[in-house]
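Enquirer: Here it is, the structure in full.
The values are calculated or read from the model by the stated rules, or taken from the named source; none is laboratory data. Owing to the predicted nature of the structure, the values given are computational and were not obtained by experimental measurement. All Cβ positions, glycine included, derive from the backbone under ideal geometry; neighbour counts span all protein chains shown. Areas reflect the complete protein model, heavy atoms only, side chains present, ligands, DNA and RNA absent. Shrake-Rupley method; radii C 1.70, N 1.55, O 1.52, S 1.80 Å.
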Amino acid sequence: MKKELKITGLVISSIAVIILLFAWKNQSESKNGVNQKNYEIVQQWKLPKILEEISGISWIGDNRIACIQDEDGIIFIYDLKKSNIQQKVKFAGNGDYEDITIIDENAYVLRSDGKIFEIKDFKSGKSSVSEFKTFSSHDINVEGLTYDKENKRLLIAVKEEDPDDKPYKGIYEFKINQKKFNPEPVFKINLKDPLFNDIDTKLKKKMQPSAIGISPVNHLIYYLDGANPKLLIADGKGKLKKLYELDEGEFEQPEGITFNPKGELFISSEGNKNNPTILKVKFK
């Protein structure tokens, strides 16, 4: 009888351990909507030192990505198959350039003060450059730019405090055809959303978008935070859906995001301690 009780006790203990491990696993993967380490790095490219401060990327096609870094007014075309820079396109002098998006043969580059550079036929060697002012505030700091194909507009994400100092980070539009900026946000990242409950920092720092992208497959909006590495996903109407915290060892300072036509995601990181990188990432 004692032997049977001992065996029964062992079985119960084993079941309890399994339940605790399962609960711990679920908690580590998701707490209050924050998904941790729920992704896989499929492939990595180590970039040359000239891209040490890579700040934005955009898919061109034929396994090539247009890159910018935040000091020089140069577009670097990087070939993923050959793992090297194929072309450099100078469009302006020194400046704090934060993101890039490609529309057909034209490139659009965002400077941190909100100024947009339109570089027509940027790969031709005979490109023309136009500049467009957006925000009127001199204290603005923006880092995210992407093309919203469905609405024929550029979307601009504010990194620091919104111009109106509200409890959100605004997403603003610049209409391509009219070359017109809308001073009212078309989307808002609500910093008081429950998704941010476990982010232990000041309200304005709970999400500091360093890049923005739209998946060509499911049309979800992706926001990247480079200061405290994480990825925020919203639906096409701006409603927040998921938040993923990223490992700082793998994403040292993620500043760029783009998709290929299949919807595969690429994230670039600056190289403060290690090499700058482009990572192909799959979220589970």
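Enquirer: Does any residue in region 39-62 that is in contact (Cβ under 8 Å) with a residue 12 or more places away in the chain and open to solvent by 70 Å² or more (accessible area, probe 1.4 Å) come within less than 6 Å, Cβ to Cβ, of a residue that is part of a strand (DSSP E or B) and basic (Lys, Arg) six or more places away or on a different chain, and which pairs are these?
Expert: From residues that are in contact (Cβ under 8 Å) with a residue 12 or more places away in the chain and open to solvent by 70 Å² or more (accessible area, probe 1.4 Å), the pairs are 40/282; 42/280; 42/282; 43/280.
Enquirer: Does residue 228 meet the test of being of a type outside the set (Gly, Ala, Ser) and touching a strand residue (DSSP E or B) at 6+ places or on another chain (Cβ under 6 Å)?
Expert: No, not satisfied.
Enquirer: Which of the strands (runs of 3 or more DSSP E) found entirely inside region 229-284 contain at least 1 residues meeting this: under 17 Å from residue 156 (Cα atoms) and under 13 Å from the mean Cα position of the chain (by Cα)?
Expert: Numbers: elements: 230-234, 240-245, 254-259, 265-269, 277-283.
Result: 230-234, 254-259.
Enquirer: Go through region 68-84 and count every residue that is open to solvent by less than 20 Å² (accessible area, probe 1.4 Å) and outside any loop (DSSP other than H, G, I, E, B).
Expert: Residues meeting the conditions: 7.
Enquirer: Hand me the list of strands (runs of 3 or more DSSP E) wholly inside region 85-134 holding 2 or more residues that are closer than 20 Å to residue 214 by Cα, touching a residue at least 60 places away in the same chain (Cβ under 8 Å) and out of contact with any helix residue (DSSP H, G or I) (no Cβ under 7 Å at 6 or more places or on another chain).
Expert: Per the criteria, 97-103.
Enquirer: Return the residue satisfying two criteria in turn: it lies in region 190-208 and is touching a strand residue (DSSP E or B) at 6+ places or on another chain (Cβ under 7 Å) and in a loop (DSSP other than H, G, I, E, B), and of such residues it is surrounded by the most Cβ atoms within 10 Å (Cβ to Cβ).
Expert: Applying the filter and picking the extreme gives 207.
Enquirer: Further, regarding this structure: Being under 12 Å from the mean Cα position of the chain (by Cα), surrounded by fewer than 19 Cβ atoms within 10 Å (Cβ to Cβ), of a type outside the set (D, E, K, R) and outside any helix (DSSP H, G or I): is that true of residue 211 here?
Expert: On the way: under 12 Å from the mean Cα position of the chain (by Cα): yes; surrounded by fewer than 19 Cβ atoms within 10 Å (Cβ to Cβ): no; of a type outside the set (D, E, K, R): yes; outside any helix (DSSP H, G or I): yes.
So residue 211 does not fit the description; no.
Enquirer: What residue, of 46, 81, 126, is over 28 Å from residue 232 (Cβ atoms), among the basic types (Lys, Arg) and either in contact with a Lys or Arg (Cβ under 6 Å, 6 or more places away or on another chain) or at pLDDT 95 or above (or both)?
Expert: 81
Enquirer: Consider only pairs whose beta carbons are under 6 Å apart and that are at least six residues apart or on different chains; among these, list those whose first residue lies in region 256-284 and is of a type in the set (Lys, Arg) and whose second residue is modelled with pLDDT of 95 or more and surrounded by 17 or more Cβ atoms within 10 Å (Cβ to Cβ).
Expert: 280/266
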